[in-house]
Amino acid sequence: MSIVYSILVAVAAYFVGSLSFAVIVSRVMGLNDPRTYGSKNPGATNVLRSGSKAAAVVTLLLDAAKGWLPVVLVACFGKPYGLEEGAMALAGLGAFLGHLWPVFFKFEGGKGVATALGVLVGFSGWLGLLVLACWVVVAAVWRYSSLSSLVAAVMAPVLYILLGGDLWEFNKWILLAILAMSALLVYRHKLNIQRLLEGKESKLGQKKSK
C-alpha cells in the first residue's frame with residue numbers, strides 16, 4: 001500500500017509543481033508574460049527583466065515554496081501511511097518535474113532552480129542553506145545567474161555526500177533525487193552554457209534584448 005501512496009504523492013506533487021508562478025504572478029501584477037521576452041524562461045530571473053523586483057521576489061518565493069511543501073508534508077504526516085525518505089524523494093522530484101514540464105501551461109516550464117532549492121530545504125535546511133550560499137557567492141563575484149545555478153546544481157549532491165551523517169542523515173533515495181535534479185538543471189541550462197562560453201550571457205539585473 002505504501003507504494004500506491006508514494007505514487008499518489010509523486011503525482012500530487014507534480015500538479016503542485018505545475019503551478020508556473022512566473023506566469024501567474026505576472027498576470028496578477030499586470031506584467032507581460034515572461035515567456036514572451038528576455039530568455040522566455042518562466043522563472044524569477046526572467047521576471048526580474050520586466051523591471052518589477054517585487055514580482056521577481058514573489059515568484060522566487062512561491063516557486064521555492066512549491067518544492068518545499070510536498071516534501072515537508074510527507075515528512076510530517078507520511079509515517080502512519082508508510083511514507084518515509086523514499087516518498088519524500090518522490091515528492092520533491094515530482095514537484096521539480098512539474099515546474100519543468102507543467103501540465104497547466106502546455107508543458108512549457110522554467111529551469112527549476114528555485115523549486116530545486118525549495119526541495120533541498122525540505123530535505124534538510126542545512127543543505128538548502130549551503131547550496132544557496134554557493135549560488136550567492138558565485139553570483140556576487142561573476143554576476144551570472146546561470147553560472148551560479150550550474151555551480152549550485154553540481155555542488156548539491158557533493159555536499160549531500162560529504163556532509164551526510166554530520167549535518168543530516170544520509171539516504172540513498174534522497175541522493176538519487178538530488179542527482180536527478182542536478183542533471184536536469186544542467187541540461188536545462190545548455191543554452192546558457194553555450195552563451196557563457198561565447199561571452200554572450202546576460203548578467204544579473206541586465207535586460208536581455210528581445
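Selection of the stretch 143-165 for residues being touching a residue at least 40 places away in the same chain (Cβ under 8 Å) and more than 25 Å from Lys200 (Cα to Cα) yields only Ala156. Working only within the stretch 77-97, note down all residues that are of a type outside the set (A, V, I, L, M) and on the phi < 0 side of the Ramachandran plot. Matches in the stretch 77-97: Phe77, Gly78, Lys79, Pro80, Tyr81, Glu84, Glu85, Gly86, Gly92, Gly94, Phe96. State which residue is surrounded by the fewest Cβ atoms within 10 Å (Cβ to Cβ) when the search covers only the stretch 27-42 and only residues that are part of a loop (DSSP other than H, G, I, E, B) and in contact (Cβ under 8 Å) with a residue 40 or more places away in the chain. Ranking the qualifying residues of the stretch 27-42, first place goes to Tyr37. Scoring Ala140 on the criteria (1) surrounded by fewer than 21 Cβ atoms within 10 Å (Cβ to Cβ); (2) without any contact (Cβ under 8 Å) to a residue 40 or more places away in the chain; (3) under 18 Å from the mean Cα position of the chain (by Cα); (4) under 23 Å from Glu201 (Cβ atoms) leaves a single failure, condition (3).
The condition of being among the aliphatic types (A, V, I, L, M), in a helix (DSSP H, G or I), buried (at least 20 other Cβ atoms within 10 Å of the Cβ) and under 16 Å from the mean Cα position of the chain (by Cα) holds for only one of Ala153, Ala133, that being Ala153.
Filtering Glu169, Glu201 for residues that are more than 16 Å from the chain's Cα centre (by Cα) and surrounded by fewer than 13 Cβ atoms within 10 Å (Cβ to Cβ) leaves a single hit, Glu169. Annotation: of all residues in the stretch 94-130 being aromatic (Phe, Trp, Tyr) and either part of a loop (DSSP other than H, G, I, E, B) or touching a strand residue (DSSP E or B) at 6+ places or on another chain (Cβ under 9 Å) (or both), the one that is farthest from Arg188 (Cα to Cα) is Trp126. Scanning the stretch 43-93 for residues being in a helix (DSSP H, G or I) and either in contact (Cβ under 8 Å) with a residue 60 or more places away in the chain or not aliphatic (A, V, I, L, M) (or both) gives a total of 26.
Where a number appears in this text, it was derived from the coordinates with a stated rule and is not lab data. Please read all numbers here as calculations on a predicted model, not as lab measurements. Don't worry about glycine lacking a Cβ; one is built from the backbone with ideal geometry, like all the others, and counts go over all protein chains shown.
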